[in-house]
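What follows is calculated from the coordinates using simple rules that are stated; it is not laboratory data. Since the structure is predicted, the reported quantities are computational estimates derived from the model, not experimental observations. Cβ: placed from backbone, ideal geometry, glycine included. Neighbour counts: every protein chain shown.
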Amino acid sequence: MKILTHSGSFQADDIFAVAILILAVGESEVIRTRDKDQIAKADYVVDVGMIYDPSKFRFDHHQLGGAGERPNGIPYASCGLVWKEYGERLAGGREEADLIDTSLMQPLDAHDNGVAIADYRFKGIRTYSIVDFFYSYLPSLHQNEEELYRIFMDLVVVAKDLLLREISKAKVVIASEAKVRTVYEMSADKRILILSEDLPWRRVLSEKLEVMFVVYPRNDGQWGIRAVSDVGYTSRRSFPATWAGKTDKDLQEITGVTDAVFCHRGLFMAVAESRGGAIKLAKLALDA
């Protein structure tokens, strides 16, 4: 198979589009050119050619009118178009594919299309992203095509590895979130969700507005309590201000919980030695 993308400077968009295709169709010859004859003859074309037609394996978004957008308004770039076509098969399910689209493809597509997805609070400061990481491999805009091709293919390997890890993680997250939903449905008091294992709960609980705290076992043998937040770090219910930064004996004296260990100064996390102690801290915070 021949996978073709444009020559010259590369972006995260074309790197990931090629990486997805290689995972989907197998190892292929990758060509970087803008030659129209080669574009016409290639089996797969991404980010060049002015055509979006998945039935013909053409995945460009630069044509007049673009190549569509998601319901939230984020337009598709080439990697998103390729993922739209092959993501469900690669990820093993629709939910897993949608999770990766949300966390990885949409930010990449937005950046490539010049669409802002975040407001920056500090002048001159923005998030350092995977796009910046890839651009760090372009120290000079005067590198020849042979050098650019070698760098591009090295980064395709990086993108493939990242995709495989994100796919593996997405499968775990979707299965784990199903467990969280089950615990939620079975909980008598839904204000405090008590988990028997440390599970990803944030996406599930974003829609369960009555849940204020989550109690869960930590990998160090202790038990954690986290305040559920809706946006950023704004908790629905914080721990009492008098707990802020307190540890061990100081926290135990304030709370009356004999195995209390720590409360974060930001009042969104606390720790106890036992499950029972963690539940007591959560109930105290709930009633404060």
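Could you run through the range 256-280 and say how many residues are closer than 18 Å to Q222 by Cβ, of a type outside the set (A, V, I, L, M) and out of contact with any Gly (no Cβ under 9 Å at 6 or more places or on another chain)? Here the count works out to 5. Residue check, S187 against (1) under 30 Å from L4 (Cα atoms); (2) in contact with a strand residue (DSSP E or B) (Cβ under 8 Å, 6 or more places away or on another chain); (3) of a type in the set (G, A, S), all met but one. Which one? With respect to (1) under 30 Å from L4 (Cα atoms); (2) in contact with a strand residue (DSSP E or B) (Cβ under 8 Å, 6 or more places away or on another chain); (3) of a type in the set (G, A, S), S187 is out only on (1). Here V183 fulfils each of the conditions (1) surrounded by 17 or more Cβ atoms within 10 Å (Cβ to Cβ); (2) among the aliphatic types (A, V, I, L, M); (3) touching a helix residue (DSSP H, G or I) at 6+ places or on another chain (Cβ under 8 Å) apart from (3). Report, by residue number, each residue of the range 58-87 that is of a type in the set (F, W, Y) and surrounded by 19 or more Cβ atoms within 10 Å (Cβ to Cβ). F59, Y76, W83 - these are the residues of the range 58-87 that are of a type in the set (F, W, Y) and surrounded by 19 or more Cβ atoms within 10 Å (Cβ to Cβ).
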